[in-house]
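Colleague: I have a structure here, written as structure tokens, and I will follow up with some questions on it.
Read-outs: derived from the displayed coordinates by stated rules, not from any lab. All of these numbers come straight from a predicted model, not from anything done at the bench. Backbone-built Cβ (ideal geometry, glycine too); neighbour counts: all protein chains shown.
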Amino acid sequence: MKVLVAGATGAIGRPLLPLLESAGHDVIGLSRAARPGPGRMLAVDALDRSAVSKVMREVAPDAVVNMLTAIPARLNPRRIAAEFAATNRLRTEGTRHLLDAARDTGVHRVIAQGLAYAYEPSDAGIANEDEPLWRRPPAAFAPVVAALRELEASTTQAGGTVLRLGHLYGPGTMFAGDGSFVADVRAGKVPLVGGGASVFSLIHVDDVATAVLAALDRKTPGVLNVVDDDPAPIRDWLPVMAGLLDAPRPRRMPRAVVRLVAGGWGAAYLGALRGADNARARLALDWRPRHRSWRAGLAHELTAQVAP
């Protein structure tokens, strides 16, 4: 199968392209800048409709994988709306350009990246794909959720698959050994908010790549949570991460204080997220994450790959 991967040089694209090639696919990667990568790489701005249309006609792929993002390596929670503005445009305008070009060239297999940590907060346990996305998110995060809704609607209406990804860890992510979140944990800057009940569903970038490969092999329109098997509240995993890094034990801090320092989104991120259930993806894709739990996965990433 000839596969066009948009966002080929990102944290997911880097492991995805060689995996697809090893599985026998003919892979063409798109990125905004002509950076080197595995296989054939093309420099295309996804916000340029005519350029996207031109490359789609020239490549004539059998499938399109949309991993478009432009997320800064370090995020300021008080400026999350501004720092996600480029990614929001890619998830809306860029996705429309890809889908329109795919339709015009007869491409029906489309896989796109969503988020599994934008669910409506609830005490009802982890969320499956039938649960609603955040109805009234913190103001700074509202444009992010709106862009996700548009991406999901346009992709599923085209018969495509949206993989709602958990918090990414592994090379090139903020949870990598050299990532910004890990640096803040090392410095003792990440508190436990209130009771530490914010639930994270993590996923290694290599496991996202295997989920994309599985989705190419099976036509599974709709949305699927791609997360590990072990959703956990931050009060469980953050002290473990700190221990792996020989970092100070996280301090407890009232949510109201965190809101003053980090804004509404920062307080919600550390205090109100809802984890996600991967049962539907496991069944529909016959997929299993190799890193089944963040416990072993983070230990491997933070002790074997990057020295403190």
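Colleague: Over all directions, the average projected area of the alpha-carbon convex hull for the stretch 18-161 comes to how many nm²?
Modeller: Numbers: hull surface 39.8 nm².
Projected over every direction and averaged, the Cα hull of the stretch 18-161 covers 10.0 nm².
Colleague: Report the relative contact order of the stretch 194-263, percent, no decimals, based on alpha-carbon pairs under 8 angstrom and at least 6 residues apart. If you can, show how the numbers build up before the last one.
Modeller: Numbers: 43 pairs, mean separation 30.0, N = 70.
Value for the stretch 194-263: 43 percent.
Colleague: Return the percentage of antiparallel bridges among DSSP beta bridges fully within the chain, rounded to the nearest 5 %.
Modeller: Values: 3 of 36 bridges.
Here the antiparallel bridges make up roughly 10 percent for the chain.
Colleague: Now, a different point. Under 11 Å from the Cβ of residue 59, count the other residues' Cβ atoms, weight Lys and Arg +1, Asp and Glu -1, and hand me the total. Spell out each step's value before the answer.
Modeller: Values: positive: 2, 40, 54, 57; negative: 26, 58, 62.
Around residue 59, the surrounding residues sum to +1.
Colleague: When a/c reaches 1.5 or more, the comparison of a/b and b/c decides; with that in mind, is the stretch 122-170 rounded, prolate or oblate per its Cα gyration tensor?
Modeller: Values: a/c = 1.41, a/b = 1.22, b/c = 1.16.
Verdict is rounded for the stretch 122-170.
Colleague: OK, next. What angle, in degrees between 0 and 90 and rounded to the nearest 10, separates the Cα long axis of helix 142-157 from the longest principal axis of the Cα atoms of the chain?
Modeller: Its long axis makes an angle of about 40 degrees.
Colleague: Taking +1 at the Cβ of each Lys and Arg and -1 at the Cβ of each Asp and Glu, which of 293, 192, 256 sits farthest along the dipole of the chain towards its positive end, judged by Cα position relative to the Cα centre?
Modeller: In the chain, that residue is 256.
Colleague: To the nearest 10 degrees, how steep is helix 205-217 against the longest Cα principal axis of the chain, on a 0 to 90 scale?
Modeller: Compared with the principal axis, the helix lies near 40 degrees.
Colleague: Averaging sequence separations of C-alpha pairs under 8 Å and six or more residues apart, then dividing by the length of the chain, give the relative contact order as a whole percent. Write down the numbers at each step before the final one.
Modeller: Numbers: 654 pairs, mean separation 59.2, N = 308.
Relative contact order, the chain: 19 percent.
Colleague: Separate question: Rounded, prolate or oblate, given the Cα gyration tensor of the stretch 163-280, with a/c below 1.5 counting as rounded?
Modeller: prolate
Colleague: Roughly how many Å is it from the Cα centre of the stretch 109-152 to that of the stretch 208-282, as a whole number?
Modeller: For the stretch 109-152 versus the stretch 208-282, the Cα centre distance is 13 Å.
Colleague: With a cap of 13 neighbouring Cβ atoms within 10 Å, and only residues DSSP puts in a loop, list the trypsin sites (Lys or Arg not before Pro) found in the stretch 1-75.
Modeller: Numbers: sites: 2, 32, 40, 49, 54, 57, 74; in loops: 32, 74.
The qualifying sites are 74.
Colleague: Using only Cα atoms and rounding to the nearest 10 degrees, what angle (0 to 90) does helix 234-244 make with the longest principal axis of the chain?
Modeller: Taking Cα atoms only, the helix is inclined about 90 degrees.
Colleague: Is the shape of the stretch 19-91 best called rounded, prolate or oblate, per the rule: a/c under 1.5 gives rounded, else a/b larger than b/c gives prolate, else oblate, with a ≥ b ≥ c the square roots of the Cα gyration tensor eigenvalues?
Modeller: On the way: a/c = 2.53, a/b = 1.71, b/c = 1.48.
Prolate, because a/c is 1.5 or more and a/b exceeds b/c.
Colleague: Students often forget the sequence filter, so: which lysines lie under 24 Å Cα-Cα from residue 54 once same-chain residues fewer than 8 apart are removed?
Modeller: Cα-Cα hits under 24 Å: 2.
Colleague: Right, next: If I model a spin label at residue 130 and residue 156 as a point 7 Å from the Cα along the Cα→Cβ vector, what separation in nanometres do I get?
Modeller: Computed distance between label sites residue 130 and residue 156 equals 1.3 nm.
Colleague: For the stretch 73-171, give the magnitude of the charge dipole about the Cα centre (Cβ charges: +1 Lys/Arg, -1 Asp/Glu; no others), in debye to the nearest 20. Provide the component values of the computation, followed by the final result.
Modeller: On the way: 12 positive and 11 negative charges, 79 e Å.
Using Cβ point charges on Lys, Arg, Asp and Glu, the stretch 73-171 gives about 380 debye.
Colleague: Ok, one more. Rounded to the nearest 0.05, what FRET efficiency is calculated for residue 57 and residue 19 with R0 set to 25 Å and r the Cβ-Cβ distance? Please list the in-between numbers first.
Modeller: Working: r = 27 Å, r/R0 = 1.06.
The formula returns an efficiency of 0.40 here.
Colleague: Shifting gears a bit: Ignoring everything except DSSP H segments at least 4 long, calculate the 222 nm mean residue ellipticity for the chain; use -39,500 (n - 2.57) per segment, divide by total residues, nearest 500. Spell out each step's value before the answer.
Modeller: Details: 12 runs with 118 residues, N = 308.
Theoretical 222 nm ellipticity from helices: -11000 deg cm²/dmol.
Colleague: Next question. Expected output is a single nm value to one decimal: the length gained when fully extending between residue 43 and residue 104, i.e. 0.36 nm times separation in residues minus the C-alpha distance. What is it? Numbers along the way, then the final one.
Modeller: Details: separation 61, 0.36 × 61 = 21.96 nm, distance 2.09 nm.
Here the segment from residue 43 to residue 104 would lengthen by 19.9 nm.
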